[in-house]
Amino acid sequence: MGHDDLPTLELAFPGPERDRGVAAIQNGQKTALTGLLEIYEHAGEAVPAAGQRFAVLDSEGSPAVTIELVDVRVVPMKEIDDDFARAEGRGYRDAAAWQAAHEEFFRSAGVSEFLGRTPDVGDDTLVVAQRFRAVGTDAP
């Protein structure tokens with residue numbers, strides 16, 4: 001199956017944040033990602049499952065790398081541990097730093113605009129914690 005046949009996945013919003021995330025997947029630093037469950041529900045999207053593959057898009061909307069999910073859990077933010085936080089490949093030193101950054105992002109203007117309100121985010125907020133492996137680089 002080529003990347004044209006795969007569902008797509010976009011990290012953060014287009015720009016430097018997304019570009020750093022895509023590069024971190026390509027170089028093996030990023031092997032986990034987190035989504036706010038409320039975003040999936042608002043979009044009417046099912047929570048992904050282990051075994052699913054996605055074409056990760058770059059800031060131009062082009063497939064950059066293909067990933068395969070190896071573990072997917074819906075958990076409260078407080079259950080994210082240091083190992084998962086570091087696997088996000090963003091330089092988080094521990095789960096507390098991961099949580100602070102994700103709370104800020106989930107309350108950002110872009111997320112609030114998509115949801116139509118600013119979500120309440122804290123220890124008990126449900127997130128979709130996903131571990132994956134890169135299975136192909138789609139960039140030339």
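Nothing in this text is a laboratory measurement; each read-out follows from the coordinates by a stated rule. Computed from a predicted model, the values in this text were never measured in an experiment. Backbone-built Cβ (ideal geometry, glycine too); neighbour counts: all protein chains shown.
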- Note on the structure: Residue pairs within 6 Å by beta carbon, gap of at least six or interchain, first lying in the range 31-45 and over 24 Å from Asp81 (Cα atoms), second buried (at least 16 other Cβ atoms within 10 Å of the Cβ), listed first then second, are His42/Leu115
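Do the conditions hold for Gly89, that is, is it surrounded by 18 or more Cβ atoms within 10 Å (Cβ to Cβ) and part of a loop (DSSP other than H, G, I, E, B)?
Numbers: surrounded by 18 or more Cβ atoms within 10 Å (Cβ to Cβ): yes; part of a loop (DSSP other than H, G, I, E, B): yes.
Against the criterion (surrounded by 18 or more Cβ atoms within 10 Å (Cβ to Cβ) and part of a loop (DSSP other than H, G, I, E, B)), Gly89 qualifies.
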- Can you tell me which of Asp94, Asp83, Asp58 is of a type in the set (Asp, Glu) and either at positive phi or touching a residue at least 60 places away in the same chain (Cβ under 8 Å) (or both)? Asp58
- Message: Just the residues that are without any contact (Cβ under 8 Å) to a residue 40 or more places away in the chain, in a helix (DSSP H, G or I) and either β-branched (Val, Ile, Thr) or surrounded by 13 or more Cβ atoms within 10 Å (Cβ to Cβ) (or both), please, taken from the range 99-119.
- Response: Gln99, Ala101, Glu103, Ser112
- Note on the structure: Going through (1) in a strand (DSSP E or B); (2) within 13 Å of the chain's Cα centre (by Cα); (3) not aromatic (Phe, Trp, Tyr) one by one, Val75 fails only at (2)
